[in-house]
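Here, each number is a calculation from the coordinates, and none is a lab measurement. Keep in mind it's a predicted model, so treat the numbers as computed, not measured. Every residue, glycine as well, gets a Cβ built from its backbone with ideal geometry; the counts of neighbours run over all protein chains shown.
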6 protein chains.
Amino acid sequence: MAAHDYQAIGSEVTLFEHAFSRRLPVMLTGPTGCGKTRLVEHMGARLGRPVVTISCHDDLTSADLVGRFVVLGGDVVWTDGPLTRAVKDGAICYLDEVVEARHDSLAVLHSLTDHRRTLYLDRSGEVVEAPDTFMLVCSYNPAYRSSLKDLKPSFRQRFVTLPMSYLPPDREAEVVVAESGVAAEVASRLVRCATTIRTAESVFHFEPPSTRTLVTAAQLIAAGTDEMAAAEASILAPLSTDGAVSDGLREVAAACLLPAGAPA
Amino acid sequence: MAAHDYQAIGSEVTLFEHAFSRRLPVMLTGPTGCGKTRLVEHMGARLGRPVVTISCHDDLTSADLVGRFVVLGGDVVWTDGPLTRAVKDGAICYLDEVVEARHDSLAVLHSLTDHRRTLYLDRSGEVVEAPDTFMLVCSYNPAYRSSLKDLKPSFRQRFVTLPMSYLPPDREAEVVVAESGVAAEVASRLVRCATTIRTAESVFHFEPPSTRTLVTAAQLIAAGTDEMAAAEASILAPLSTDGAVSDGLREVAAACLLPAGAPA
Amino acid sequence: MAAHDYQAIGSEVTLFEHAFSRRLPVMLTGPTGCGKTRLVEHMGARLGRPVVTISCHDDLTSADLVGRFVVLGGDVVWTDGPLTRAVKDGAICYLDEVVEARHDSLAVLHSLTDHRRTLYLDRSGEVVEAPDTFMLVCSYNPAYRSSLKDLKPSFRQRFVTLPMSYLPPDREAEVVVAESGVAAEVASRLVRCATTIRTAESVFHFEPPSTRTLVTAAQLIAAGTDEMAAAEASILAPLSTDGAVSDGLREVAAACLLPAGAPA
Amino acid sequence: MAAHDYQAIGSEVTLFEHAFSRRLPVMLTGPTGCGKTRLVEHMGARLGRPVVTISCHDDLTSADLVGRFVVLGGDVVWTDGPLTRAVKDGAICYLDEVVEARHDSLAVLHSLTDHRRTLYLDRSGEVVEAPDTFMLVCSYNPAYRSSLKDLKPSFRQRFVTLPMSYLPPDREAEVVVAESGVAAEVASRLVRCATTIRTAESVFHFEPPSTRTLVTAAQLIAAGTDEMAAAEASILAPLSTDGAVSDGLREVAAACLLPAGAPA
Amino acid sequence: MAAHDYQAIGSEVTLFEHAFSRRLPVMLTGPTGCGKTRLVEHMGARLGRPVVTISCHDDLTSADLVGRFVVLGGDVVWTDGPLTRAVKDGAICYLDEVVEARHDSLAVLHSLTDHRRTLYLDRSGEVVEAPDTFMLVCSYNPAYRSSLKDLKPSFRQRFVTLPMSYLPPDREAEVVVAESGVAAEVASRLVRCATTIRTAESVFHFEPPSTRTLVTAAQLIAAGTDEMAAAEASILAPLSTDGAVSDGLREVAAACLLPAGAPA
Amino acid sequence: MAAHDYQAIGSEVTLFEHAFSRRLPVMLTGPTGCGKTRLVEHMGARLGRPVVTISCHDDLTSADLVGRFVVLGGDVVWTDGPLTRAVKDGAICYLDEVVEARHDSLAVLHSLTDHRRTLYLDRSGEVVEAPDTFMLVCSYNPAYRSSLKDLKPSFRQRFVTLPMSYLPPDREAEVVVAESGVAAEVASRLVRCATTIRTAESVFHFEPPSTRTLVTAAQLIAAGTDEMAAAEASILAPLSTDGAVSDGLREVAAACLLPAGAPA
């Protein structure tokens, strides 16, 4: 789906705009696939700013963010990293799952998230002041928190926090239809299936199914897969590999969806 | 055996084709040697796309996937990694045992597995949009899951999941005959032996014997080894080094196979 | 806010000046956002010395502090790190959250914090004597202490320790007004909200809200966000992701702040 | 001793030949010093193929196996590693104690151990198909298995497994005579001593003495050391440093061997 | 204070001279700030030898001690490290807190601490015999010993061990006066405060205050800080961040020192 | 003391010669300072072979042993490591405390310790056959064994093991006299002190004092230190930092040695 298709859930668009207008960094929290990346792309389009996305992982160093010296034609040339490019371009820089990054990557963000709004490139000696249109956005999923690796409170207090959640069922069904081309009833059945599973989440202790998995299932259905098989492959199978849990999930799905061979 | 010899078990070929037609990434799950690699090679032939296979391991970095700068003749040249070559060629890229890879390798896949279908080469600055024929396929064996290293739910929800299992006995025996040239009765005895052991798997807690081990045993038999010795070397010995368990396995095999010196 | 806006809480400004006059290093301790960085910037302005700030993290090596050899145009050139530059310039060098740095980074500080006041650059062979105006300032937050990573007593005894805390309520409200432009009553309500939560800190076991979060909330309010929503996004959300705790915090906030839609 | 002196214990020579004729990889298992390396050297001579031996250890990377780019005279040249050279030469490549190697080293073997029989050099871009005479042989000692580091079942199922054990006593005594030149009675006494200790292995929980230690003891005897002193230095001392166990072992040896000063 | 101001506590100066005359290495042990570094500087002045001080830390490698090859102007040049320079100059080389160094750093000291008195530079191939005036001195604080990182007994047996402790009160007061210029009564009060706290050390389990902290407090007093505030910032605050313990320490200090505003 | 002063304890010199004559590697075991290094130096002089000593530590890599490519004047040149030089020179190569080395360092020794007697330099491609006079000698102290890091039984079985212990008292006293020049009675008293402590070793659980510490004490006495002070600094202090144990040790020493000021 294109970024302009973003469906606002609450006041997150307004709050995001207020933060942008006051040059405040934003932290998006919420479950997988509830639309955090979509919101950032939507706001980029709405505010007329390019979005630079960086998927964080535990080998991401500060040099991967800000840049490094590389040997080029026998000479040594500084090459900006994606964060530096975003600062210079006044872009929205989106650090996805920021909790995964190494601590030196987080430290380099400090001076961009307070009144200084400046990036210090210690190695090249350059000091880059962020233009007013630069905005830093991070996301993290509190459900993944562990005692070993969590964001420090002092880091989280540097951001305006926007908690995100799933779309309400009818709005989510509209997205599924728009993204896959299935009939509205098919989309409603898939959303009902997901909603039931999400409600059972605290019992089964798994990450609930995202809107993305519903769209994937709908795409398979549009390609000719029957509803139950599409739901199994896209919604149920990623949730659990425990046989008993899978059987329970399959019952939930069977109660919501058309069986194989049923006239759609 | 050649890739066109693939024997479909359920609807995995159809689902794979539906995913391909909708440009969705696929995750194959199932026990060792149940045919995951064969399915990918088969689908590559069927869809007319080359297959690039990458065996993942815990030292595999994102640079191993996407490429790196290398010094060549005093100058620095970017060299595409196998993932980048697969994207550019519109190939099927198969990441075998993806759970083994390092997290930076998984992060680099994110933008290829959602609506962006784009590979960002941060270090070279290149942005590669995947052609429609590019497809990402991963495999992992849920039986190896540990609390230390597992795929994150958010990652698994990015894929259409196809659970794989062993072939039914008669079909598996046909494969053994085709691959080794032994007589049908020999193949049937080997399959019966494997099936009995697989049923006992939950008791003995070992990884059940794959079709590959049956083919290996049959090849030794075709070379002149007697059935029991071939089964010991190829099917039983890799399963356990515990004396009591080995004795139990040998009894199972002896009940299914011809003894040494028996007229075949 | 500009550095000259610093609001002294106790005798920290005088003690800092005495330490400066006797060329003694200073260690600032206290909770997140109580003004440690502001004090350093204020003192730099007051003493007429530039401030070099270094955010410490667990990948910070001594080479990141003192400098390294880099290849430039085929030749190898020594490049001073920020600590060396600060020593040579007679600046105030501020190591923020020094407990995070690696041990080799701390060892390099030893000769700067005793009667030698000298930086030994073992790799370049240079010996840099600190001018009288050079001052080393470190900060750390004792609330983060763990058995795994703490400052050694011998290291802490090298510093004059200045414990910092939050501003008294009326002074903190003045800062909020000055930084955001909200009305005094709004600022007072935000401070009351923060003070109540800080008092409850030992019960809830979270890092209490900093002055920075109050300023952020006030900036959102100035941009048009209602008080409760601004407090949720800036003050409450970073504190906890536990539902019950969040509900408790929201009640506290609701008792202090105007509800959405209330005439400000 | 020369490789042609290998003494077959069971059918391992025949099974090895069958595996070679069907281009199947072989895994040798068994206790230290039971003749695994000797078997490989013997089979190399018998099959007319050179043997490339690689002692695995936990710093062995895939680059150590397949090769790497090295700077030579200012230019960058690819240099084949020992595995690549073995594949190109159609040699027998013997990975001793393969369980010690790092996982990236094992992953690189996958495509050589299935129907592909191909080595993919990702970094140089070369694809090397193994000639029919190439054979991969690995060894590992199941007694060293730990939960931390063991071969994965899927890896072990790629091989024909040949379990090895000690020679029968009379055959082992012949080897000792041939290797050291001692009289047959001396060799018999040393073998009797080793056999008694090996029987007690499960009681004492130590790695039993290998044939190599008997040959070493016999060589010392041939040089003039008395039997008990030679056995202590070569057979007993490496087994245990626990005083009580050592005393027990010494009694066993004293009951089998001539005392110091006895007429041989 | 200048190095010639060292105040001998026991026979450490004589023992140090005896060790120097017999070319024996010395290990200084004792609590933080009891004068180990001062003793080394004093002995350097007394014996007419330069002192090379190296602060050890857990990233200190043997190359940091002995030197390394560096690229200079396109060519590779060996650069001596501080240990090598000290050996060549016949200096006193002082390794402060040697227990912190990595094991390769300790291994390189072996041949300097026995009858060989020689430094082997494996990488450059150079062999440096120590002149008679070269002396190796190490220090470590047994109070920091942990099971994870301790000096091996075989390493400690290579040294003449000189246990150090605090100066007697009247001598310590003289040092405080000489270093800060405060009146004798002020120094006596500070020493009395420290002595009381040191006696309570085994109860409170903290590192006792060093002479250095008393000098720091006295310097603040000389700059105009009142006694209690100076003691809090320099003596008490580094000892503990536990509120109850801090209150106890403050009572001790209040019983020894003049209150704020008292006529000095 | 010079290497020719070695005092044989048992038959270790003869066994060493037998091993040398049969080209067998030797493993020396025993407590710290019992004379392992001295034996190797003695045997080097006796057999007319140079000795190359390598102190092992846990950062010692195989490249540190066999050599590496280094850039020299723009070109890349292979530089032999100390092990390679020892093999080429037919020297005795002594790996002190071999258990400390990394596993890749041990793997490189395999082909030198069996019938191959060959060093394979995988990176340079060179194969170095050891001349008959090359001998590999390793040492390790079984008292340091831990479950985390121990020599593998298969490695220990590659060596002729020579267990070493302290000299008998009268012989040890002769060494002390020869090394320090003290009177025979002084040496006897020091040896009696050490012997008493060694007997108590199993009670106190510390590494017993080596002959080296007695020589050190004697050297201090020769320089003018009194016996008790010399024993404290050289023999007692390295043993323990536990106050109660130290008091016990001091009583033992006082019962054996002359008090301070006593007429020697």
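Out of all DSSP beta bridges in the protein assembly as shown, what portion is antiparallel? Express it as a percent rounded to 5. Taking every DSSP beta bridge within the protein assembly as shown, about 35 percent pair in antiparallel fashion. The relative contact order of chain C comes to 21 percent, based on Cα pairs under 8 Å that sit 6 or more residues apart. Mean residue ellipticity at 222 nm, helices only, chain A: -11500 deg cm²/dmol; runs of at least 4 DSSP H residues each add -39,500 (n - 2.57), and the sum is divided by the number of residues.
When Lys and Arg each count +1 and Asp and Glu each count -1, what net charge do the other residues less than 11 Å away from E:ALA86, Cβ to Cβ, add up to? Around E:ALA86, the charge tally is +1. Local charge for E:ALA229 was computed over the other residues whose Cβ lies under 15 Å away, with Lys and Arg +1 and Asp and Glu -1, and equals -2.
The Cα-based radius of gyration and maximum Cα-Cα distance (Dmax) for the protein assembly as shown are 37.1, 115 Å.
Restricting attention to chain B, close to 35% of DSSP beta bridges with both partner residues there are antiparallel.
Each Cα pair under 8 Å and six or more residues apart adds its separation to the average, and for segment D:169-256 the resulting relative contact order is 30 percent. Counts of other chain beta carbons within 10 angstrom of each beta carbon in peptide F:156-166 average 6. Around B:PRO259, with a cut-off of 10 angstrom between Cβ atoms, what is the net charge of the other residues, counting Lys and Arg +1 and Asp and Glu -1? Neighbour charge sum, excluding B:PRO259 itself: -2. Principal axis extents of the C-alpha atoms in chain D (largest first, rounded to whole Å): 67, 42, 36.
Could you tell me the convex hull volume per residue, in Å³, taken over the Cα atoms of segment F:91-137?
Once divided by residue count, the hull of segment F:91-137 is 80 Å³.
Comparing Cα centroids, segment F:31-51 and segment F:88-135 end up 19 angstrom apart. Legend: ranking of residues D:ILE221, F:ILE9, B:ILE92 from fewest to most surrounding C-beta atoms inside 10 Å; resulting order F:ILE9, B:ILE92, D:ILE221. Counting Cβ atoms of other protein chains within 10 Å of each Cβ in F:77-84 and taking the mean gives 1.
For the peptide B:119-125, the mean number of other protein chain Cβ atoms found within 10 angstrom of a residue's Cβ is 3.
Cα convex hull of segment A:169-256: mean projected area in nm², to one decimal?
Hull-based average projected area comes out at 4.9 nm².
Between helix D:36-47 and chain D there is an angle of about 60 degrees, using the helix long axis and the longest principal axis of the Cα atoms. Shown for chain B: cysteine residues without a partner Cβ closer than 4.7 Å, namely B:CYS34, B:CYS56, B:CYS93, B:CYS138. Against chain A, whose longest principal axis is taken from its Cα atoms, helix A:211-222 shows a tilt of about 50°. With its label point defined 7 Å out from Cα along the Cα-to-Cβ axis, E:ALA255 lies at 4.2, 4.2, 7.2, 7.3, 8.4 nm from the matching points of the other copies, in increasing order. Distances between placed amide hydrogens fall under 5 Å for E:LEU28 paired with E:CYS138, E:SER139, E:TYR140, E:LEU162, all partners being 5 or more residues away or on another chain.
What angle, in degrees between 0 and 90 and rounded to the nearest 10, separates the Cα long axis of helix A:184-199 from the longest principal axis of the Cα atoms of chain A? For A:184-199 against chain A, the angle is about 70 degrees.
Of D:GLY48, C:ALA200, F:TYR6, which is farthest towards the positive pole of the protein assembly as shown's charge dipole, taken about the Cα centre with +1 and -1 on the beta-carbons of Lys, Arg and Asp, Glu respectively? Checking the options against the dipole of the protein assembly as shown, the answer is D:GLY48.
Ranked for footprinting exposure by Cβ neighbours inside 10 Å, fewest first, E:CYS256, E:CYS138, C:CYS34 give E:CYS256, C:CYS34, E:CYS138. Among D:GLU227, F:GLU179, a tally of other beta-carbon atoms within 10 Å of each Cβ gives an order, fewest to most, of F:GLU179, D:GLU227.
Among E:PHE159, C:VAL77, A:THR84, pick out the residue whose Cα is farthest towards the positive end of the charge dipole of the protein assembly as shown, where Lys and Arg carry +1 and Asp and Glu carry -1 on C-beta, about the Cα centre. Highest projection toward the positive end goes to C:VAL77.
Here is the link list: A:LYS152/C:LYS152; F:LYS88/F:LYS152; A:LYS152/B:LYS152; A:LYS152/C:LYS36. Which ones come out longer than 25 Å on Cα distance?
Check vs 25 Å cut-off fails for F:LYS88/F:LYS152.
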